[in-house]
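The values are calculated or read from the model by the stated rules, or taken from the named source; none is laboratory data. These numbers were taken from a predicted model, which means no experiment stands behind them. Every residue, glycine among them, receives a Cβ derived from its backbone with ideal geometry; neighbour counts consider all protein chains shown.
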Amino acid sequence: MSKNDPDKNLQTFSEMKKSFWESPMDALFDRTTLVVVTGYCMAWFERQAWAKKGIPYLKGKRRCLYRKSDVLEWIEKNFEKKNVSTPD
């Protein structure tokens, strides 16, 4: 399998999602993982950080880390809940 094999990338994405969901609530994740988990692009995270909006993060030396609990709280607050009704 070559370095740029699409199947390898899909497996990596799957592993990243699994790692996120199986991690404790205080686990920290980089933007690359959140891109995979949330479906937002890297530029969205960068714009939100620059504008001091979006998901809270910790900033270190040229690196931003997001706490899982903050990510889930932000999703809960910013996405509308829909109830799916079934026909009678």
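Take the residues in the range 35-53 that are outside any helix (DSSP H, G or I) and within 13 Å of the chain's Cα centre (by Cα); name whichever of them is surrounded by the most Cβ atoms within 10 Å (Cβ to Cβ).
Just the residues of the range 35-53 that are outside any helix (DSSP H, G or I), to begin with: 39-41, 51-53.
This time we only want the ones that are within 13 Å of the chain's Cα centre (by Cα), so: 39-41.
Values: 39: 8, 40: 15, 41: 11.
Result: 40.
Give me the pairs, please: first residue somewhere in the range 54-75 and assigned to a helix (DSSP H, G or I) and at pLDDT 95 or above, second residue anywhere and surrounded by 17 or more Cβ atoms within 10 Å (Cβ to Cβ) and among the hydrophobic types (A, V, I, L, M, F, W, C), beta-carbon distance under 8 Å, and either six or more positions apart or on two chains.
Listed pairs, sorted by first residue: 68/20; 68/29; 70/55; 71/29; 71/34; 71/37; 71/55.
Within the bounds of the range 5-15, is there any residue that is part of a loop (DSSP other than H, G, I, E, B) and either modelled with pLDDT of 95 or more or not polar (S, T, N, Q) (or both)?
Within the range 5-15, one or more residues are part of a loop (DSSP other than H, G, I, E, B) and either modelled with pLDDT of 95 or more or not polar (S, T, N, Q) (or both).
Say whether the condition of being surrounded by 11 or more Cβ atoms within 10 Å (Cβ to Cβ), without any contact (Cβ under 8 Å) to a residue 24 or more places away in the chain and aliphatic (A, V, I, L, M) is met by at least one residue in the range 15-33.
yes
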